[in-house]
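Note sheet for the following structure.
No value in this document is a laboratory result; all are computed from the given coordinates. Just so it is clear, the model here is predicted, and its values are computed rather than measured. Please note: Cβ atoms are built from the backbone with ideal geometry, for glycine as well, and neighbour counts cover all protein chains shown.
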Amino acid sequence: MNKLANQAYLRTRLAIMRANLLGREKLAALAQMPLDELAKHTGFDAVTAGNDATRLAAFERALMQTWLDELSALLRPLAGPARRLLTQWASRYELLNIKALVRGKIGQLPNEQIEQSLFELPGFLSLDHERLLNTDSIPELLRQLQKTRYRRLATQALRQYEERPDPFLLDATLDQQFYSDLSHRAQQLEGDDRTETLDLIGRFVDRHNLVWSLRYRFNYGLQPSEVLYLAIDGGRVLNRSLLQQMLQADTLGDALRQLPKNLLSHREMPEEITLIEAAMRDDLFNHAQRAMLRSPSALSSVLAYLVLRHGEITSLYSIVHARVRGLGDDVLAQALDPLQEAAA
Amino acid sequence: MILAGQDMRHITIKLMREDLPRASLLLAELAAFAPDERPLLEAELPEIPGTSFRSRIRRAWGHFDRLVALLGELPAQDPDTPLLVLRREQLIEIDQWLAEAWKQCAPCDEALHRIEEEFSELHNLERSLEDFADLDIDLSRLQAQHTHLDMRIGSVPLENEPRLRDILALSNHLILNVAGDGDTLRIVVAGRREDASILDSVLHAAAFQPLSIPESFDDNPGALRAELAARRDKLSQECTQLRGQLANWMTTNRRQMLRARQMLEAAEPYVNLRGAARSRGPLAALQGWVPASYLGQIEAGLRESLSLPFLLEARRPRSDERHLVPVPVRQRGLLQPFAMLVQQYGVPRFGEFDPTILFAITFAGMFGMMFGDIGHGAVIIVTGLVLRRRLRAFTYLFVLAGASAMLFGWLYGSIFGVEHWIDPLWIAPMSDPIYMLTVALAWGVAFLTLGSAIAITNRLQSGDQAGALFGPGGLFSLILYLALLGGMVNLAQGDDFPLVATVLLLVTLLLLIAYQWRSSDAPYGERIFTTLIETFEIVNNYVASSLSFLRVAAFSLNHVALSLAVFTLANSMDTIGHWITLVLGNLFVIVLEGIIVAIQTLRLEYYEGFSRYFYGDGTPFRPLRVGRSQASPTR
């Protein structure tokens with residue numbers, strides 16, 4: 001198919017899929033519903049087998065499966081860098097699975113329990129979880145991972161692990177590789193596709209770098225240089241020099257004062273890391289909403305849709321999870337919109 | 001099959017629990033049963049049998065795979081070997097044997113990995129010493145503790161070096177020397193002693209591995225070389241010894257390994273039933289979807305292979321199950337390439353109109369109309385047949401498209417662009433372009449009308465009455481389109497816009513506006529705006545789509561024009577140049593125009609056809625199969 005035809009296909013598909021987005025108001029309405037009604041509206045009532053934990057896990061997997069199915073449909077007409085970009089985006093679930101496998105093995109959980117926290121992956125992702133699951137130790141797991149496309153990462157993790165086992169370092173390395181590959185793939189696009197997707201990915205990287213750098217520095221007490229090493233290249237506003245300035249500060253407040261004013265579009269930067277994360281997320285979603293509707297690049301609109309859809313699916317799961325566990329309205333509201341709660 | 005999956009049946013086999021593995025093996029051998037994991041029988045049969053069986057099988061496969069990775073592949077299974085049903089006690093025995101086997105071999109595996117790492121370290125060390133020998137640096141001084149200077153020698157992964165260099169520069173450290181091969185770089189890092197903790201943390205994050213330099217490096221290079229060679233020899237000997245042990249183990253246990261694989265493969269269908277099998281005490285049931293044509297075979301097979309009584313119940317899918325019914329998508333023969341192209345777009349829902357046949361007919365028709373030429377069509381057929389091994393199923397697409405091009409070539413009277421060798425059965429496109437455009441438009445109207453009719457049927461089938469009546473491509477928008485079209489045709493012929501058409505137009509327009517108004521819950525102003533825009537879009541969509549079909553005529557004219565250009569060019573040359581131009585020109589027309597026409601036809605099919613009536617979100621039929629399936633290891 002030619003480029004024009006691809007754009008037409010993507011726009012058509014996207015126009016149909018956009019109807020799946022709930023929007024803030026519907027999500028807020030769902031959060032107010034009692035469990036029975038909520039289950040009917042979200043499809044949770046279709047998951048009947050097992051106890052609450054099993055049902056929730058099955059529900060989460062079903063939601064993610066929907067997202068992956070939609071992504072598979074959007075991938076169909078794409079080839080070359082555009083296809084590689086979206087496939088890389090989907091591979092974040094491979095990363096989540098690798099993280100779950102590593103944590104499970106460190107915690108010496110039985111394979112069945114680890115497996116419950118894994119996502120089912122579509123055919124275009126190739127990670128063989130069964131092989132990784134059937135390992136006796138972290139080094140063996142990492143050696144199995146060396147046989148996959150994560151060879152470089154696994155080799156590095158194996159070296160780090162043998163010297164000093166640090167699960168969070170593996171997490172950071174995985175994230176770093178994921179976003180670096182994503183930026184690299186976006187660089188290979190052309191024209192509007194390139195500009196628009198790099199802008200969207202840059203916002204993701206900014207959010208990730210800001211939140212995790214602050215956590216590593218002020219919660220985990222890592223050295224500024226190490227935090228800077230773990231940061232990801234390709235941010236839209238936060239480059240390495242800005243991050244360095246921020247990390248040299250002694251307190252969180254001082255660090256935040258080093259940030260540029262244009263990092264958030266319509267609000268002041270909050271002073272708690274949780275709220276900073278929420279504000280950056282909010283800003284990112286507002287941008288994604290605009291990009292989905294008005295971006296001149298169909299690919300960027302698709303990526304923006306997937307971002308929004310994933311965000312909504314996560315919120316939907318949180319609502320059901322909170323209701324099943326009997327959490328109060330205030331806790332749920334705090335989890336869904338911490339900014340509003342903080343303002344209140 | 002016009003409506004997708006219409007011959008699918010839901011079956012429930014009630015049987016004795018001990019017969020479940022045998023029944024699943026039989027169903028897998030027939031490759032006609034897709035398990036249905038819904039808990040339909042949960043109340044009567046609350047247990048899901050084989051849970052412990054399943055985890056044992058997976059553990060056994062895990063050990064088996066690791067043994068094969070360590071010991072080498074086993075020969076392929078003899079296809080004539082009869083499949084045996086794996087009993088629980090056999091599974092326990094195989095699982096325990098494999099676990100014990102892995103326990104025996106795992107130390108060798110660990111030792112081999114250690115040797116590999118030591119080889120790698122030795123290699124890095126030797127290369128580092130060569131680097132430093134060239135630089136004439138006293139390494140013992142580098143290694144020694146200094147009051148102010150902190151020096152580290154070691155290796156990092158290749159891709160980490162640029163980032164490490166940048167970050168270390170920010171904390172006033174230097175990377176002094178870089179050398180390496182493959183994925184690893186050997187580096188020397190220098191900084192202030194007081195910043196040691198900073199260096200430690202960054203180097204750890206960069207997966208830095210320190211190298212320990214032997215003390216004999218400076219004072220006796222010959223002794224050092226001998227020491228390193230001795231270490232290498234020792235590692236090689238250890239490695240050979242371990243490989244020998246493993247080979248001996250394999251010789252002794254090959255038969256048992258083959259048996260384990262055979263038994264585990266035979267158990268796979270039972271394992272993959274998951275929630276589709278349920279039980280209570282000695283009673284069990286399994287449920288799933290099968291094509292109706294296999295029902296007899298399944299019943300006969302069960303009767304033959306099960307020793308205990310069973311009951312097979314089959315029924316048509318219920319209306320509330322429509323979205324769950326898997327649809328067989330595999331087509332054979334002529335339709336296979338078209339089915340594959342349909343699947344590129346999506347899998348039909350159960351009961352949805354399967355567009356494969358219509359797609360094949362209209363694709364061939366439109367391709368032929370745009371590319372009508374007996375000679376060019378014949379070349380496409382011959383190309384398809386010559387490349388049949390490479391094209392596989394797509395050979396049929398070449399043959400059908402070529403045959404259609406030949407048929408239209410005959411109708412147009414065109415052979416390799418020459419229009420005077422035979423009389424056209426119908427019309428030469430260039431003789432009346434307006435007529436050709438009218439025909440293309442009429443074809444477009446017919447195509448869109450048929451598409452809308454199918455969309456209405458599909459929506460009614462799936463219970464979407466509102467969409468069938470008021471949605472884009474629904475009944476009222478179709479009536480509106482046809483009324484508008486009828487009126488325009490009358491106007492074009494010099495008559496008035498007919499009253500019937502005016503009334504139909506107004507009534508359907510009002511109905512569509514009313515529906516759009518009711519569907520929107522936006523504020524008043526926005527509601528007016530969206531209602532008008534949405535209604536306009538429905539009407540505009542039909543008009544734009546109709547005009548889109550003019551390309552069918554345009555390409556038929558284009559084909560003639562391109563051929564004329566080739567002839568004009570050829571006629572301006574001498575005899576040899578004339579024939580070369582004719583051959584190359586025709587090749588150019590066949591390849592370039594052939595590709596463009598194929599893409600345009602696909603575009604019309606996908607965007608003017610499929611997007612109008614085809615949901616394409618059905619579930620493909622994936623039957624249970626014998627052997628190690630992809631479904632079990634991939635989560």
Segment A:172-322 - Rg and Dmax from Cα coordinates, angstrom: 15.8, 44
Can you check how the C-alpha radius of gyration of segment B:1-68 compares to 2.2 N^0.38 Å, as a plain ratio? 1.48
Quick one: Debye curve from the C-alpha atoms of chain B, no solvent, what's log10 I(q)/I(0) at q = 0.05, 0.06, 0.10 Å⁻¹? -0.49, -0.67, -1.03
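Using only the Cα atoms of segment B:303-385, what semi-axes does the equivalent ellipsoid have when each is the square root of 5 times a gyration tensor eigenvalue? Give whole Å, largest first.
Values for segment B:303-385, descending: 41, 18, 9 Å.
Which whole number gives the average count of other chain Cβ atoms within 10 Å of the Cβ atoms across peptide A:161-173?
Across A:161-173, the average partner-chain Cβ count within 10 Å equals 2.
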Hey, could you get me the Stokes-Einstein D for segment B:293-338, Kirkwood radius over alpha-carbon pairs, 20 °C and 1.002 mPa s, rounded to whole µm² s⁻¹? 154 µm²/s
I'd like the projected area of the protein assembly as shown, averaged over all directions, using the convex hull of its alpha carbons. Report it in nm² with one decimal. 52.9 nm²
Could you pull out the chymotrypsin sites (Phe, Trp or Tyr not before Pro) across segment B:397-464 that fall in loop regions by DSSP (anything but H, G, I, E, B) with no more than 12 other Cβ atoms inside 10 Å? B:Trp421, B:Trp426
For helix B:196-205, report the angle its Cα long axis makes with the longest principal axis of the Cα atoms of chain B; keep it between 0 and 90° and round to the nearest 10°. 50 degrees
To test your reading of the geometry: what angle, between 0 and 90 degrees and rounded to tens, separates the Cα axis of helix B:594-603 from the longest principal axis of chain B? 80 degrees
Using the alpha-carbon centroid of each, what span in Å lies between segment A:193-243 and segment B:501-574? 47 Å
Residues of B:594-606, mean number of Cβ from any other protein chain within 10 Å of their own Cβ, rounded to a whole number? 2
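Neighbouring Cβ atoms within 10 Å as the yardstick, rank B:Phe119, B:Phe371 fewest first. Mind dumping the intermediate values first?
Values: B:Phe119 15, B:Phe371 29.
Arranged by neighbour count, lowest to highest, B:Phe119, B:Phe371 become B:Phe119, B:Phe371.
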Viscosity 0.692 mPa s, temperature 37 °C: give me the Stokes-Einstein translational D for segment A:241-344 in µm²/s, with Rh taken as the Kirkwood radius over C-alpha pairs. 208 µm²/s
Hey, can you list the DSSP H helices of chain A whose Cα span along the axis is 24 Å or longer and whose average Kyte-Doolittle score is at least 1.0? none
Got the relative contact order for chain B handy, in percent, Cα pairs under 8 Å and 6 or more residues apart? 22 percent
Translational diffusion coefficient (Stokes-Einstein; Kirkwood radius from C-alpha pairs) of segment B:355-489 at 4 °C, 1.567 mPa s, in µm²/s: 76 µm²/s
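Classify chain A as rounded, prolate or oblate from the Cα gyration tensor: take a ≥ b ≥ c as the square roots of its eigenvalues, call it rounded if a/c is under 1.5, otherwise prolate when a/b beats b/c and oblate if not.
The shape class here is rounded.
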I need B:Leu308, A:Leu174 ordered by Cβ neighbour count within 10 Å, fewest first. B:Leu308, A:Leu174
Using the alpha-carbon atoms, what tilt in degrees (0 to 90, nearest 10) does helix B:221-273 show relative to the longest principal axis of chain B? 50 degrees
Using modelled backbone amide H atoms (1.01 Å from N, in-plane), which distant-in-sequence or interchain residues come within less than 5 Å of B:Arg9's amide H? B:Val290, B:Ala292
Prolate/oblate/rounded call for segment A:79-212, Cα gyration tensor, a/c under 1.5 rounded: prolate
Does segment A:1-118 come out rounded, prolate or oblate, given a ≥ b ≥ c as the square roots of the eigenvalues of its C-alpha gyration tensor, rounded meaning a/c under 1.5 and, failing that, prolate meaning a/b above b/c? oblate
Protection proxy ranking of B:68-75, B:165-172, B:14-21 - average other beta-carbon atoms within 10 Å, highest first: B:14-21, B:165-172, B:68-75
Using Cβ counts within 10 Å as a stand-in for footprinting exposure, how do B:Met573, B:Met8 rank, fewest first? B:Met573, B:Met8
For peptide B:562-572, what's the mean number of Cβ atoms from other chains within 10 Å of each residue's Cβ? 0
